[in-house]
Amino acid sequence: MQNYTHNILLLGNHAALHTDVFLENSNQHKIIQLKFETCDLFDDFSANKLWIDKVSFETKHEYTIEGLIVALKAIDAKKILTDVTLIVGDPSELLYQAYLFYILNENPNDFLGSTFEYNNSETLNLFLYPVGMPAQDVRKELSNLMYCLKKHEMPTYLIRKEEKDLDALFKLLLHSLTFMSIIELEDQIKGIEHLVSPRLSTY
């Protein structure tokens, strides 16, 4: 039986709610966090920050897709977050969208343009089902993101589970990933369905 080790990126605030279960059941997997912290509006010396685990990077850019892409480029996040094989987060969050546009070398305002080479074909997305009213207002942006993911054939799954059931699913997921490849998830774990099939990618 083959053993697998994954670098798992928890991206954004929704994923951060489940950090403990990932850390407690990480096995040999490496768990990494990427978050955005808005400045304190009542503190003139406060600044927006990107956090990678416990390391912060101040940025003057706002929490917009364009601003976040510039901020990610400024800290050279691709070099910091190398060999990530699984990205977990809520695609309705702007940070998630910005990060994917950034690593795919896509312009979110001109995503129909030419395709740039995407070198990390082993990375897979695991979308948390968007919750709350904000998710109702991002259908256009999500359709743009999905277009780019399909364009690059980047394997993407969606978790259709209630929030209260996610920790149990993540515990099973982390255990399963120690002895099966990521592309076997869909057939082995109930509640995960593919949006962009890895069978169409370059595995």
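Scanning the stretch 81-92 for residues that are surrounded by fewer than 24 Cβ atoms within 10 Å (Cβ to Cβ) and part of a loop (DSSP other than H, G, I, E, B) gives 81, 82, 83, 84, 85, 90. Restricting 64, 85 to residues that are polar (S, T, N, Q) and touching a residue at least 40 places away in the same chain (Cβ under 8 Å) narrows the list to 85. Within the stretch 141-165, restricting attention to residues that are of a type outside the set (A, V, I, L, M), touching a helix residue (DSSP H, G or I) at 6+ places or on another chain (Cβ under 8 Å) and more than 23 Å from residue 187 (Cβ to Cβ), the residue that is modelled with the highest pLDDT is 148. Could you count how many residues in the stretch 166-203 are modelled with pLDDT of 85 or more and of a type in the set (Lys, Arg)? Matching residues across the stretch 166-203 total 2. Taking the stretch 157-192 as the range and being assigned to a strand (DSSP E or B) and either β-branched (Val, Ile, Thr) or exposed (fewer than 12 other Cβ atoms within 10 Å of the Cβ) (or both) as the test, the residues that pass are 159, 192.
Looking across the stretch 30-55, just one residue is at pLDDT 95 or above and either farther than 20 Å from residue 99 by Cα or polar (S, T, N, Q) (or both), and that is 33. Consider residue 76 carefully, then state whether it is surrounded by fewer than 16 Cβ atoms within 10 Å (Cβ to Cβ), at pLDDT 95 or above and over 16 Å from the mean Cα position of the chain (by Cα). Yes, satisfied.
The values are calculated or read from the model by the stated rules, or taken from the named source; none is laboratory data. Keep in mind that this is a model prediction, so the values were computed, not measured. Don't worry about glycine lacking a Cβ; one is built from the backbone with ideal geometry, like all the others, and counts go over all protein chains shown.
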